[in-house]
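Colleague: Dumping the structure here so I can ask a few things about it.
The values are calculated or read from the model by the stated rules, or taken from the named source; none is laboratory data. These numbers come from a predicted model, not from an experiment. Glycine gets a Cβ as well: all are built from the backbone with ideal geometry, and neighbour counts include every protein chain shown. Just so you know, the surface numbers come from the protein's heavy atoms only, side chains and all, with ligands and any DNA or RNA stripped out. Shrake-Rupley method; radii C 1.70, N 1.55, O 1.52, S 1.80 Å.
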Amino acid sequence: MNPDRCFGGSLLVLIGLFTNVLGAFIGINIGTDVSSMPSASEVVSIIKTHRITHVRLYDADSHMLKALADSGIEVTVGVTNEEVLGIGESASAAAAWVSKNVASYVPSTNITAIAVGSEVLTSIPHAAPILVTAMNNLHKALVASNLNFQVKVSSPQSLDIIPEPFPPSTAAFNSSPNSTVYQLLQFLNNTNSYFMLNAYPYYGYTNGNGIFPIDYALFKPLPSVKQIVDPNTLFHYNSMFDAMVDATYYSMDALNFSGIPIVVTETGWPWQGGPNEPDATVENAGTFINYLIRRVSNDSGPPSRPNIPINTYIYELFNEDKRRGPVSEKNWGVLYTNGTAVFPLSLSGSSQIMGNATTVFCVAKDDASEDKLQDGINWACGQGQANCSVIQSGQPCYLPNNIKNHASYAYNDYYQRMHNVGATCDFDGTATITTNDPSYRSCIFTGSSNSSAREGLLPPGAFGPVSPLGESMKLLVSKVRYVISAACLLIILL
């Protein structure tokens, strides 16, 4: 047996074991087409505040790389599309790039990957023939610097290279870049790297001509009659995100590459759009991102690869208001540049919601029927475990004594407590999201910046209203199991 192959196979097994023990991660993309971009040190401070552990840069900005030093944050640096050709044509250019943008910063800055270009096969197809050569040149430069085990080389690609991603089991890469794709996969396989995929359910839904329901794109639970099933494998897909990842796995299978893991380098949902972009809303973006975090954090893969977690980078940290295109193109950021959240979220996957200065509130719609509002109050105050004591007679939020006011408080209290584990602001169509603080006089709504309550923290036993109960408990057990496993591993190593 070839010792190198034996070592490589053992390494893959170890990587798989460590991935399962440590769990999947949620990272963030940091774009810079921002008119009021904070300084690099301010950006890193914001990242630390939100306990983000992985970031992807679209270039190799020296200020950011210096600011990230000694932070422990894992960094993916980017070769821009403009640099791909030069690096592909010259091994010395690749060596110089690695020396300047990687070797000079490690180990202080924890650079773990180089993303070569951005969707090269679809955005600059004329560079496709030289893409893998550029990747090879960079890898050889890493080998020469003894960094090839720490820093992996890959290239983010759009799902557009798969013309028919559904059903996933029959998906295949576009025939035109097939030779380049094959070379790309061969490179990833030979260097134990991973496939970088940009997967956007927002575009899958908005460009889908109504084929799939929006709940499928937003990770919302679907009734049994609307569940999406692959007719060939009979796999049930609970989200378009999972189907997109699986379509990519099946496409690799079609070219006889089955051992390359996928990392989703971009996914997200815009929170504002133009008149012809009705689905780009704060509520939809908040729903997608929070369900995404919950989905990735359960450490499972798509139906065809259930044991391979889907490490994922959210697109993106801040709105890039200088980008060209429709309104939605400028509104993907999950944080404002002052570090506060566009909508309630927990980027670290913990129970605390960050960014209370821009909290949104869940309130009753003006045109909702009183019967439906009463049903909503009954559910929120009962099964939903909202704190409804303050809307009782004599309490701060009893007056004005009308059903809409009481529903708004109950809805919001439930939503603020539970949205970070999947709860939404709907209540059978009687609720809506607003950024206007509905607090008045001594009636302070949960989540208000005027509140001294434990904002965003889950109360004991608050998992009940979110289905299913077992999912939340599984996350807790998974974390406990990780701590135990890590402790055992440390003992063995010592």
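Colleague: Do we find a residue being outside any helix (DSSP H, G or I) and crowded, with 17+ Cβ neighbours inside 10 Å anywhere in the range 411-420?
Modeller: No, the range 411-420 has no match at all.
Colleague: Please verify whether Lys226 is open to solvent by 30 Å² or more (accessible area, probe 1.4 Å) and closer than 26 Å to Val43 by Cβ, treating the condition exactly as stated.
Modeller: Against the criterion (open to solvent by 30 Å² or more (accessible area, probe 1.4 Å) and closer than 26 Å to Val43 by Cβ), Lys226 does not qualify.
Colleague: May I ask you to verify whether Ile308 is open to solvent by less than 20 Å² (accessible area, probe 1.4 Å) and either aliphatic (A, V, I, L, M) or assigned to a helix (DSSP H, G or I) (or both)?
Modeller: So Ile308 fails the test.
Colleague: Turning to a different aspect of this structure: Suppose we keep only residues that are within 27 Å of Ser123 (Cα to Cα) and assigned to a helix (DSSP H, G or I) within the range 58-68. Which one would you say is least open to solvent (accessible area, probe 1.4 Å)?
Modeller: Leu65
Colleague: Follow-up question, since we're still on this one. Please give the number of the condition Asp321 fails out of (1) at pLDDT 85 or above; (2) touching a Gly at 6+ places or on another chain (Cβ under 8 Å); (3) of a type outside the set (S, T, N, Q).
Modeller: So Asp321 meets the others, but not (2).
Colleague: Report the residue count in the range 34-57 for those that are part of a loop (DSSP other than H, G, I, E, B), open to solvent by less than 60 Å² (accessible area, probe 1.4 Å) and not aliphatic (A, V, I, L, M).
Modeller: 3
Colleague: Would you mind listing the strands (runs of 3 or more DSSP E) fully within the range 69-158 where at least 1 residues are touching a Lys or Arg at 6+ places or on another chain (Cβ under 7 Å) and open to solvent by less than 10 Å² (accessible area, probe 1.4 Å)?
Modeller: Here the list reads 74-79, 111-116.
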